[in-house]
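A.B. asks: This is the structure I want to talk about, given as structure tokens.
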Amino acid sequence: MSKRIVITGASRGIGNETSKRLAELGHQVIAISRSKDLLNQLKDEYPSNIEPLALDITDSSAGETISQYLSDNSVKIDGLIHNAGVLINKPFSEQTRSDWQKQFEVNLMAPALLTKDLHEFFNSGSHIITISSMGGYQGSSKFPGLSVYSATKGGLSILTECIATEFSDKNISCNSLCLGAVQTEMLEQAFPGIEAPVEPEEIAEYISEFILNGHKFYNGQILPVTLGDPG
Ligand SMILES: NC(=O)c1ccc[n+]([C@@H]2O[C@H](COP(=O)([O-])OP(=O)(O)OC[C@H]3O[C@@H](n4cnc5c(N)ncnc54)[C@H](OP(=O)(O)O)[C@@H]3O)[C@@H](O)[C@H]2O)c1
């Protein structure tokens, strides 16, 4: 059965490949990011399955815009993938207030507020997943330069546990995937020259399978998805 899945950060990297994979499997994907042109390219590739929505998830109107879209089209959602993220690689002592704000808003506040704003649109049996990082996984190796990013991802994982508890009476599941390194623009900008063991297409296949079926086996879980490398 075809499902409707909202994904943030669909213009590039992991979110882009996951959107394509879900579209190829015949699902409806509401693809969100700020880059209208890149979303339109995605739509051109999968005209029947991609519904592009260009917006900044940190805008105070983001939740309202998505809700309005769902209301106007009289549709509900079966899945939400909080994938959009920002990483500013800098020593802890050099991270500015603005660096903190940017990473917290994109990586933690926006997923929290969007989940709240969209809660009425979830079908029973829906699955929400947060794309966290091994840097935000308790007890993992920590790396210089990633303190703020990792703190936001740690918060995102704990938020996942809380949402799973709060939404359990609505039959909505929520899980967090803590990824290790994946070869994307984010990784290449933060760590020039690094070679990750995983390609975006590979992790997209895993995330697509997980959003569709993972909630049959997990709820409120923070799951490391890594070969032991940083993320
Ligand atoms: N790559 C890795 O090694 C790795 C490891 C662990 C975890 N992760 C996590 O995986 C997720 C995807 O990462 P990636 O490597 O694919 O990153 P990426 O290539 O840099 O893509 C990031 C995506 O987030 C979107 N985005 C950023 N700010 C946004 C905003 N304010 N509003 C809407 N969309 C926004 C970007 O779209 P626009 O610029 O068009 O808005 C883009 O589509 C992130 O949460 C990241 O932390 C990645």
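The values are calculated or read from the model by the stated rules, or taken from the named source; none is laboratory data. Because the structure is predicted, anything quoted here is derived from the model rather than measured. Here the Cβ is made from the backbone with ideal geometry for all residues, glycine too, and neighbour counts use every protein chain on show. These accessible areas exclude ligands, DNA and RNA; they are computed on the full protein's heavy atoms, side chains included. Shrake-Rupley method; radii C 1.70, N 1.55, O 1.52, S 1.80 Å.
A.B. asks: If you go through segment 119-140 one residue at a time, how many are away from the ligand (no atom under 15 Å from the Cβ) and either without any contact (Cβ under 8 Å) to a residue 24 or more places away in the chain or not in a strand (DSSP E or B) (or both)? Before the answer, list the steps.
C.D. replies: Here is the first cut: in segment 119-140, the residues away from the ligand (no atom under 15 Å from the Cβ) are 119-127, 138-139.
If we keep only those that are either without any contact (Cβ under 8 Å) to a residue 24 or more places away in the chain or not in a strand (DSSP E or B) (or both) as well, we get 119-121, 138-139.
Of the residues in segment 119-140, 5 are away from the ligand (no atom under 15 Å from the Cβ) and either without any contact (Cβ under 8 Å) to a residue 24 or more places away in the chain or not in a strand (DSSP E or B) (or both).
A.B. asks: Quick test for you: out of Ile50, Ile88, pick the one residue that is over 26 Å from Gly136 (Cβ atoms) and of a type in the set (A, V, I, L, M, F, W, C).
C.D. replies: Working: Ile88 fails: over 26 Å from Gly136 (Cβ atoms).
So the residue among Ile50, Ile88 that is over 26 Å from Gly136 (Cβ atoms) and of a type in the set (A, V, I, L, M, F, W, C) is Ile50.
A.B. asks: Another question, if that's okay. Regarding Ala54, is this residue over 29 Å from Asn213 (Cβ atoms) and among the aliphatic types (A, V, I, L, M)?
C.D. replies: On the way: over 29 Å from Asn213 (Cβ atoms): yes; among the aliphatic types (A, V, I, L, M): yes.
Considered against the rule, which asks whether it is over 29 Å from Asn213 (Cβ atoms) and among the aliphatic types (A, V, I, L, M), Ala54 comes out as yes.
A.B. asks: Which residue is nearest to Thr8 (Cα to Cα), if the candidates are limited to segment 185-202 and must be open to solvent by less than 20 Å² (accessible area, probe 1.4 Å) and more than 14 Å from the chain's Cα centre (by Cα)?
C.D. replies: Top of the filtered list is Ala190.
A.B. asks: Then there is this: Is it fair to say Glu205 is open to solvent by 50 Å² or more (accessible area, probe 1.4 Å), of a type outside the set (Lys, Arg) and touching a Gly at 6+ places or on another chain (Cβ under 8 Å)? Walk me through it before giving the result.
C.D. replies: Details: open to solvent by 50 Å² or more (accessible area, probe 1.4 Å): yes; of a type outside the set (Lys, Arg): yes; touching a Gly at 6+ places or on another chain (Cβ under 8 Å): no.
So Glu205 does not fit the description; no.
A.B. asks: Only one of (1) of a type in the set (A, V, I, L, M, F, W, C); (2) away from the ligand (no atom under 13 Å from the Cβ); (3) more than 26 Å from Asp78 (Cα to Cα) fails for Ala164. Which number is that?
C.D. replies: Of everything listed in (1) of a type in the set (A, V, I, L, M, F, W, C); (2) away from the ligand (no atom under 13 Å from the Cβ); (3) more than 26 Å from Asp78 (Cα to Cα), Ala164 misses just condition (3).
A.B. asks: Quick one: which of Leu223, Leu156, Leu212 is under 26 Å from Ser71 (Cα atoms) and aliphatic (A, V, I, L, M)? Steps first, answer last, please.
C.D. replies: Working: Leu223 fails: under 26 Å from Ser71 (Cα atoms); Leu156 fails: under 26 Å from Ser71 (Cα atoms).
Criteria check complete, one pass: Leu212.
A.B. asks: Further, regarding this structure: Restrict the check to segment 88-105 and report whether at least one residue is closer than 26 Å to Asn213 by Cα and either surrounded by 17 or more Cβ atoms within 10 Å (Cβ to Cβ) or among the hydrophobic types (A, V, I, L, M, F, W, C) (or both). Reasoning before the result, please.
C.D. replies: Taking segment 88-105 first, the residues closer than 26 Å to Asn213 by Cα are none.
Within segment 88-105, not a single residue is closer than 26 Å to Asn213 by Cα and either surrounded by 17 or more Cβ atoms within 10 Å (Cβ to Cβ) or among the hydrophobic types (A, V, I, L, M, F, W, C) (or both).
A.B. asks: Tell me, which residue of segment 71-96 that is β-branched (Val, Ile, Thr) and more than 14 Å from the chain's Cα centre (by Cα) is nearest to Met186 (Cα to Cα)?
C.D. replies: Taking segment 71-96 as the starting set, the residues that turn out to be β-branched (Val, Ile, Thr) are 75, 77, 81, 86, 88, 96.
Checking the rest, the ones that are also more than 14 Å from the chain's Cα centre (by Cα) come to 75, 77, 88, 96.
On the way: Val75: 33, Ile77: 28, Ile88: 9, Thr96: 20 Å.
It comes out as Ile88.
A.B. asks: If you don't mind, there's one more thing I want to ask. I need the full set of residues from segment 23-66 which are away from the ligand (no atom under 12 Å from the Cβ), buried (at least 17 other Cβ atoms within 10 Å of the Cβ) and small (Gly, Ala, Ser), in order please.
C.D. replies: Within segment 23-66, Ala23, Gly63 meet the criteria.
A.B. asks: Also, quick follow-up: Regarding segment 73-87, can at least one residue be identified that is near the ligand (Cβ under 8 Å from one of its atoms), at pLDDT 95 or above and in a helix (DSSP H, G or I)?
C.D. replies: Within segment 73-87, the first condition is being near the ligand (Cβ under 8 Å from one of its atoms), and the residues that meet it are 82-87.
Remaining after also requiring at pLDDT 95 or above: 82-87.
Imposing the further condition that a residue be in a helix (DSSP H, G or I) reduces the set to none.
No, segment 73-87 contains no residue that is near the ligand (Cβ under 8 Å from one of its atoms), at pLDDT 95 or above and in a helix (DSSP H, G or I).
A.B. asks: Mind checking which residues of segment 180-199 are among the β-branched types (Val, Ile, Thr) and in a loop (DSSP other than H, G, I, E, B)? Step through it out loud before you land on a result.
C.D. replies: Quick first cut of segment 180-199, residues among the β-branched types (Val, Ile, Thr) only: 182, 184, 194, 198.
Result: Thr184, Ile194.
A.B. asks: Checking the condition open to solvent by less than 20 Å² (accessible area, probe 1.4 Å) and modelled with pLDDT of 95 or more, which residue from Ser124, Ser132 passes? Full working, then the answer.
C.D. replies: Details: Ser124 fails: open to solvent by less than 20 Å² (accessible area, probe 1.4 Å).
Result of the check over Ser124, Ser132: Ser132.
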